[in-house]
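Worksheet: the structure to be examined is printed underneath.
The values are calculated or read from the model by the stated rules, or taken from the named source; none is laboratory data. Just so we're clear, the structure is a prediction, and the values are computed from it rather than from any experiment. Neighbour counts are summed over all protein chains in view; Cβ atoms, including those assigned to glycine, are modelled from backbone coordinates with ideal geometry.
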Amino acid sequence: MPAPKSGSRTGLIIGIVAGGVALLLLLVCGVGAFLWYQQRDGGSGGDLSRVINYRETNPGALSPDHVQEPVSYPMTPPAGGPHFQRWQNCNGDVYTAPIEDGNAVHSLEHGAVWITYRPGLPASDVGKLIDRVRGLSHMMLSPYPGQSTPISLQAWGYQLTVDDADDDAIAAFISAYRQTAAIEPGAPCGGGITTTR
């Protein structure tokens with residue numbers, strides 16, 4: 001039996017290598033698609049069934065009007081509605097004192113997620129919330145006196161309350177609503193005010 005010609009051997013090798021590269025690309029694309037899907041759905045398997053959707057239950061409270069005087073919001077902390085002309089800086093900003101509702105709500109209009117916590121929350125839990133916020137655009141954190149639950153998350157028209165800083169729903173809420181809940185898509189979070197009450 002004659003030995004295969006050198007050209008056919010080269011063609012076979014090229015075919016095997018090309019097949020291997022194609023298989024590797026398919027694998028990488030599959031893993032990438034899976035990670036994207038996990039990120040889009042919260043990535044942590046967090047339960048978002050507890051989210052209050054004010055866009056459906058109270059859309060009249062979500063007027064985007066600019067006002068001069070403080071607003072009495074129907075939810076605490078507010079998750080949308082009339083607000084002040086200036087937004088609160090929300091580029092991963094961590095505020096150690098309460099901020100004005102009217103400025104914070106303007107940040108929600110820009111697509112921010114505002115995490116608030118009841119004063120007295122253990123420092124270790126506050127640290128976990130800081131880790132979720134710091135360095136991430138369209139995020140901010142502040143204490144909120146009088147809040148009925150330990151931790152609350154707000155995006156424009158959406159609110160989630162949790163008792164524990166380790167609750168998987170926190171990551172899921174951020175993934176689902178940060179920037180996507182904006183009613184002014186592309187609006188900045190920098191250049192806002194950084195004052196506290």
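Miscellaneous remarks
- Of the residues screened, residue 51 is not one that is aliphatic (A, V, I, L, M) and modelled with pLDDT under 95.
Residue-by-condition table, conditions (1) acidic (Asp, Glu); (2) out of contact with any Ser or Thr (no Cβ under 7 Å at 6 or more places or on another chain); (3) closer than 17 Å to residue 92 by Cβ:
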site	(1), (2), (3)
124	no, yes, no
130	no, yes, yes
159	no, no, no
164	yes, yes, no
185	no, yes, no
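- Which numbered condition residue 131 misses (of (1) crowded, with 20+ Cβ neighbours inside 10 Å; (2) farther than 25 Å from residue 71 by Cα): (1)
- Qualifying residue in the range 78-99 (condition: touching a His at 6+ places or on another chain (Cβ under 9 Å), part of a helix (DSSP H, G or I) and over 19 Å from residue 179 (Cβ atoms)): no
- Residue pairs whose Cβ atoms lie under 9 Å apart, sitting 6 or more positions apart in sequence or on different chains, and linking a residue in the range 137-152 that is in the same structural domain as residue 103 (by TED's automatic domain parsing) to a partner that is acidic (Asp, Glu) and assigned to a strand (DSSP E or B), are 139/93; 140/93; 141/93; 142/93.
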